[in-house]
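What follows is a set of notes on a single structure, which appears directly below.
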Amino acid sequence: MGQTTTTRYDVADHLRTPEEMAAYLEACFEEANGDAAFIAKALGDIARAKGMSLVAREAGLSRESLYKALSGERTPGFDTVLKVMAALGLQLHAEPLVSRDLAADKSGERTR
């Protein structure tokens, strides 16, 4: 029987279009549960897919600073997040949270 080899999965290899990048980040926002470092890591994945040097230049950051900010080991400042998102061609948008109680009220159920 032949030897099985495995390769490391890297999500950055699969983020090819702006739509895929936006969908990935949106999914990460939903799963993050308030973990800003998780979002930073997701932005790092997208930046690697686009090219760290290009993103750093467009965000006005050094490549080293960008790697550190998006490593997932720290929480970058909001200004850095906004600069990186703009460099990635992505934008934040706001929408109201739908709590379980509000969802139940809309479905006709009463909550106590």
So, in the range 1-56, how many residues would count as being among the aliphatic types (A, V, I, L, M) and touching a Phe, Trp or Tyr at 6+ places or on another chain (Cβ under 8 Å)? 7
Of these, 64, 73, which one is out of contact with any helix residue (DSSP H, G or I) (no Cβ under 6 Å at 6 or more places or on another chain), at pLDDT below 95 and not hydroxyl-bearing (Ser, Thr, Tyr)? 73
Checking residue 55 against (1) within 21 Å of residue 11 (Cα to Cα); (2) touching a Gly at 6+ places or on another chain (Cβ under 7 Å); (3) not hydroxyl-bearing (Ser, Thr, Tyr), the condition it does not meet: (2)
Residue that is nearest to residue 78 (Cα to Cα), among those in the range 11-56 that are among the charged types (D, E, K, R) and touching a residue at least 12 places away in the same chain (Cβ under 8 Å): 41
For the range 40-87, how many residues meet the condition of being touching an Asp or Glu at 6+ places or on another chain (Cβ under 7 Å) and over 17 Å from residue 24 (Cβ atoms)? 0
Among the residues of the range 23-68, what is the count of those that are closer than 23 Å to residue 94 by Cα and not in a loop (DSSP other than H, G, I, E, B)? 23
For the range 78-94, enumerate the residues that are more than 13 Å from the chain's Cα centre (by Cα) and more than 13 Å from residue 61 (Cα to Cα). 78, 93, 94
Looking at the range 18-27, is at least one residue surrounded by fewer than 13 Cβ atoms within 10 Å (Cβ to Cβ), at pLDDT 95 or above and of a type in the set (Gly, Ala, Ser)? yes
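The values are calculated or read from the model by the stated rules, or taken from the named source; none is laboratory data. For clarity, every value in this text was computed on a predicted model and none was experimentally measured. With ideal geometry, Cβ positions are generated from the backbone for all residues, glycine too; neighbour counts draw on all protein chains shown.
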